[in-house]
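The values are calculated or read from the model by the stated rules, or taken from the named source; none is laboratory data. All values reported here derive from a predicted model rather than from experimental measurement. With ideal geometry, Cβ positions are generated from the backbone for all residues, glycine too; neighbour counts draw on all protein chains shown. The protein model used for the area step is the full one, side chains on, heavy atoms only, and it has no ligands, DNA or RNA in it. Shrake-Rupley method; radii C 1.70, N 1.55, O 1.52, S 1.80 Å.
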Amino acid sequence: LMATIVKDRVKDFQRIPFVSETNNLCVKIGWKFVEEIKIVATGSEFIAIHEYHGEEMVHDESILIMRRI
């Protein structure tokens, strides 16, 4: 089994889907998707500063569970 923690990013006010890209890449190289567990990422002062300035931030992370085929 493999567990990977992945978090989407925001660039130029658009969410970049690193979670789905990582999942697709792992499947492409021979892993089978088992489960995705979403968790709330604890914020930091850095995130609070960006939100104060009106920037959109990602507050969730995904744990991707994969099994080798």
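Restricting the first residue to segment 52-67 and requiring it to be over 11 Å from Thr22 (Cα atoms), which pairs with a second residue that is open to solvent by less than 60 Å² (accessible area, probe 1.4 Å) and among the acidic types (Asp, Glu) meet a Cβ separation below 6 Å and a spacing of at least six or different chains?
Matching pairs, first to second residue: Val58/Asp8.
For a quick check of your reading: which strands (runs of 3 or more DSSP E) sit entirely within the chain and have at least 2 residues that are open to solvent by 50 Å² or more (accessible area, probe 1.4 Å) and either touching a Cys at 6+ places or on another chain (Cβ under 6 Å) or among the basic types (Lys, Arg) (or both)?
9-11, 31-40, 60-68
Restricting the search to segment 1-28, which residues are hydrophobic (A, V, I, L, M, F, W, C) and free of Cβ contacts under 8 Å to residues at least 40 places away in the same chain?
Ile16, Phe18, Leu25, Val27
Kindly provide the set of residues from segment 1-58 that are touching a helix residue (DSSP H, G or I) at 6+ places or on another chain (Cβ under 7 Å) and over 30 Å from Ile69 (Cα atoms), ordered by number.
Met57
Could you please let me know if Phe46 is over 10 Å from the mean Cα position of the chain (by Cα) and touching a residue at least 24 places away in the same chain (Cβ under 8 Å)?
So Phe46 does not fit the description; no.
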